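Following: one structure in structure tokens, then a few remarks.
The values are calculated or read from the model by the stated rules, or taken from the named source; none is laboratory data. This is a predicted model, so every value here is computed, not measured. Please note: Cβ atoms are built from the backbone with ideal geometry, for glycine as well, and neighbour counts cover all protein chains shown. Please note that ligands, DNA and RNA were not included when accessible areas were found on the heavy atoms of the full protein model with its side chains. Shrake-Rupley method; radii C 1.70, N 1.55, O 1.52, S 1.80 Å.
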Amino acid sequence: EVKVELSLMEKEKEVDGLSPNGKASPFADCRPNGALAHGSSDDDSTPLPLYHKPRDYVEASVCHVKDLENGQMREVDLGSGRALLIKEHGEFSAMGHKCPHYGAPLVKGVLSKGHVRCPWHGACFNIATGDIEDFPGLDSLPTFQVRVEKDKVIIRANKQALQSQRRSKPMARCSAVINSSTGFSHVLIIGSGPAGLVCAETLRQEGFTDRIVMCTMDGHPPYDRPKLSKSLESTAEQLRLRSLDFLQEHDIELLTEKEAVAIDVKTRSVTFEDGLRMEYRKLFIATGSKPKPMTYKGKDVRNVFHLRTPEDANSIARLANNKNAVIVGTSFVGMEVAAALTDKAHSVSVIGIESVPFKKALGEKVGKAIMKLFEANRVKFYMLNEVSEMIGHHGQLKEVVLKSGKVLRADVCVIGAGSIPATGFLKQSGIHMDSKGFITVNKMMQTNADGVFAGGDVVIFPFPPRNNKKVNIPHWQMAHVHGEFIDPQGRVAALSMMGRATEIKTVPYFWSAMFGKTIRYAGYGDGFDDVIIQGDLDELRFVAFYTRSEEVVAVASMNYDPIVSRVAEVLGSGKMIKKRDVE
């Protein structure tokens, strides 16, 4: 900031030193959020010139200095938009009030040790910088200047930042001169889900200036796949995480409809199905999962779907309209599709191999309560059952036959019976995988092959809360669980590639939405031996603590915010929650 002051001409300095009412501005030596220190000036969504026109800003007195206790937050109105005012350790700070991920009100989140955790999906933001520190989501928050004058707390904010409520961290550009047909990339990323995208963006944010190429089997730029099963009519455009313009602007090259078929770690090259061969210096594998194969007769019958793409989702919604829909499997994806179809389809039937949905993940009591919610919305369950045959008429699905002998009328069928890692192409590569096809990585997301990293649904990695036992989190949660534990892995991998080794310190956080109600879940509950429930399961207003011997390992809730974010905060700080604490 001192540099900025010196480089301004005297006249400009006078203009900049004036607040909108023409009096000398008290901001001359203020950093955002009120503390006098070195720091950037207003952290706005776009790089702005050295000094800004006063009319681009709004300034408002928002409360009395004694209105907020330490550790409190308040959403305040500045006329041109709202901000989140925070008081911690006697200092005021202000930043965007909405989580950039899905727009959750952060005032309902958890404030702790210099950051705010979102009440919905657990994203974390630093209150001094607005930077995102824990995922999901890609963007950070704008921060605003705060000062205290005559016992009044005054916020000064850039109007554009107030409106957008988000900002991207600054990113480097690629300085290497590149012919896009060159078969070499310094960093090659296979997969364009959250892990791959976060890896690419983190590299640019950390000043990486060489070539980055991201390849995907998908025909679209990166999109928010967890939303597919919740909102079947959404297009790729509506679900997109980043536009092609954004990727181009930050020199992240995207190759769509590119399926990797082989990796040669000796020559550091990847071969694709269309014959393209690319060499790399560093490789990040984030190919995600694919549907678990099922055995039944009638595989060639049409209108049987695995939900993978926006086109699949759109077809399911269209074909189910006033027709009979059958869902095979009680994974979160399967159940969300069933919920989404109840107001479209004539009938919705769900087939599951357990006695109640989510029994392995959430326990029998919670599973039963959710099953009742579905039954109240006309969903029929055929549990402890499997499909033996799909029967078609002129190739179109007409009936689904169960192993019990029951025959269900069906015009469209969605299979949501779990997934396996999409790592078949690595079989001859020498990259270590376990018996189920998960890639083994260390804490830095490195594989056994030099220069090869992996993350997301395809890996098992050492998980600190379980004494570094190797785990795959989405797999345990049955199919594409809708947490985004994979984003931090992309970040860790990017930092490792740049020689800045860091370890995963985040807490797994999942969510699922059905009939306008959301289940939130944090922790890693695999192998829980008891569930302690508080609240009312029948009313679907409860919190369930999952314990292993005397320790709480996970928590799930419905209509009980921000309890799951609060537990995530405690577990994330390395503390243990004892069973007796919640009893």
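Just give me the residues in the stretch 92-136 being aliphatic (A, V, I, L, M) and part of a strand (DSSP E or B), in sequence order.
ALA94, MET95, VAL110, LEU111, VAL116, ILE132
Here is a yes/no grid of residues against (1) at pLDDT 95 or above; (2) under 21 Å from the mean Cα position of the chain (by Cα); (3) open to solvent by 10 Å² or more (accessible area, probe 1.4 Å):
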{"residue": "ASP210", "(1), (2), (3)": "yes, no, yes"}
{"residue": "MET214", "(1), (2), (3)": "yes, yes, no"}
{"residue": "ASP218", "(1), (2), (3)": "no, yes, yes"}
{"residue": "PRO222", "(1), (2), (3)": "no, yes, no"}
{"residue": "LEU241", "(1), (2), (3)": "no, yes, yes"}
{"residue": "LEU247", "(1), (2), (3)": "yes, yes, no"}
{"residue": "THR256", "(1), (2), (3)": "yes, no, yes"}
{"residue": "ILE263", "(1), (2), (3)": "yes, no, yes"}
{"residue": "THR267", "(1), (2), (3)": "yes, no, yes"}
Counting only residues that are among the hydrophobic types (A, V, I, L, M, F, W, C), part of a strand (DSSP E or B) and within 22 Å of GLY352 (Cα to Cα), the stretch 281-327 contains a total of 5
Going through (1) without any contact (Cβ under 8 Å) to a residue 24 or more places away in the chain; (2) closer than 24 Å to ALA501 by Cβ; (3) hydrophobic (A, V, I, L, M, F, W, C) one by one, VAL407 fails only at (2)
In the stretch 420-445, anything open to solvent by 50 Å² or more (accessible area, probe 1.4 Å) and of a type in the set (Ser, Thr, Tyr) is listed as SER435
Checked the stretch 402-419 for anything open to solvent by 20 Å² or more (accessible area, probe 1.4 Å) and either in contact with a Leu (Cβ under 8 Å, 6 or more places away or on another chain) or hydroxyl-bearing (Ser, Thr, Tyr) (or both); matches are SER404, ASP411
Log entry, pairs with first residue in the stretch 193-206 being open to solvent by less than 10 Å² (accessible area, probe 1.4 Å), second being modelled with pLDDT under 90 and aliphatic (A, V, I, L, M), beta carbons closer than 6 Å, six or more apart or on different chains, reads ALA195/ILE486
For GLU375, the lone unmet condition from (1) in contact (Cβ under 8 Å) with a residue 40 or more places away in the chain; (2) over 29 Å from the mean Cα position of the chain (by Cα); (3) part of a helix (DSSP H, G or I) is (1)
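Could you tell me which residue of the stretch 151-188 is most open to solvent (accessible area, probe 1.4 Å), considering only residues that are among the small types (Gly, Ala, Ser) and in a helix (DSSP H, G or I)? Steps first, answer last, please.
Just the residues of the stretch 151-188 that are among the small types (Gly, Ala, Ser), to begin with: 157, 161, 164, 168, 172, 175-176, 180-181, 183, 185.
Still in the running and in a helix (DSSP H, G or I): 161, 164.
Working: ALA161: 1, SER164: 49 Å².
Out of the qualifying residues, it is SER164.
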Of the residues in the stretch 333-369 that are polar (S, T, N, Q) and outside any loop (DSSP other than H, G, I, E, B), the one that is surrounded by the most Cβ atoms within 10 Å (Cβ to Cβ) is SER349
Within the stretch 536-583, the residues that are surrounded by fewer than 17 Cβ atoms within 10 Å (Cβ to Cβ) and hydroxyl-bearing (Ser, Thr, Tyr) are SER549, SER573
